[in-house]
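To start, the structure under review is shown below, and the notes come after it.
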Amino acid sequence: MKIALIAHDGKKADMVHFLSGFKDRLQQVDIDLVATGTTGSHIEKAGFEVQKLLSGPIGGDAQIAAMAAQKELAMVIFFRDPLDKHPHEPDVQMLMRICDVHNIPLATNPASAELMFKALTQT
């Protein structure tokens, strides 16, 4: 099972905090983490094993969308910062559309991510 992780700059600390709350559960189940480059670096520094792709604005969002389109992902967690402008907003919208088209669960905030993550990792 593979989960994709993305976080806008203002939400990267939230992503690391979220994952830290599930560290034990992640070790108990067979989950591979994949993340956009900068988000992945933050996650890796926190002690998690993660496959890092390109940074979001230079193609990482598109790489994750391609994985979703190929049904390689069980879930996408994308902590978006709705109060900031993002030059790669078309990539963000494309990723969200691909998740909807291919019925990939998408969490955009910690509350929804927690509910979906708990359901996905029940042992």
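Laid out as a table, the results:
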| read-out | value |
| --- | --- |
| Residues (at pLDDT 95 or above and under 19 Å from V16 (Cβ atoms)) located in segment 61-82 | I64, M75, V76, I77, F78, F79 |
| Counted residues, segment 15-43 - those being open to solvent by 70 Å² or more (accessible area, probe 1.4 Å) and within 12 Å of A4 (Cβ to Cβ) | 1 |
| Residue pairs meeting the criteria (Cβ under 6 Å; at least 6 apart or on separate chains; first in contact (Cβ under 8 Å) with a residue 12 or more places away in the chain, in segment 79-98; second part of a loop (DSSP other than H, G, I, E, B) and not polar (S, T, N, Q)) | R80/H8; D81/H8 |
| Condition broken by T121, with the remaining ones in (1) farther than 13 Å from I6 by Cα; (2) under 11 Å from the mean Cα position of the chain (by Cα); (3) β-branched (V, I, T) satisfied | (2) |
| Residues within segment 38-64 that are of a type in the set (G, A, S) and in a helix (DSSP H, G or I), tallied | 5 |
| Selection status of D81, surrounded by fewer than 19 Cβ atoms within 10 Å (Cβ to Cβ) and closer than 22 Å to Q122 by Cβ | no |
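The values are calculated or read from the model by the stated rules, or taken from the named source; none is laboratory data. Worth saying up front: this structure is predicted, and the values here are computed from it rather than measured. Cβ: placed from backbone, ideal geometry, glycine included. Neighbour counts: every protein chain shown. When the accessible area is computed, the model is the full protein with side chains, heavy atoms only, and any ligands, DNA or RNA have been set aside. Shrake-Rupley method; radii C 1.70, N 1.55, O 1.52, S 1.80 Å.
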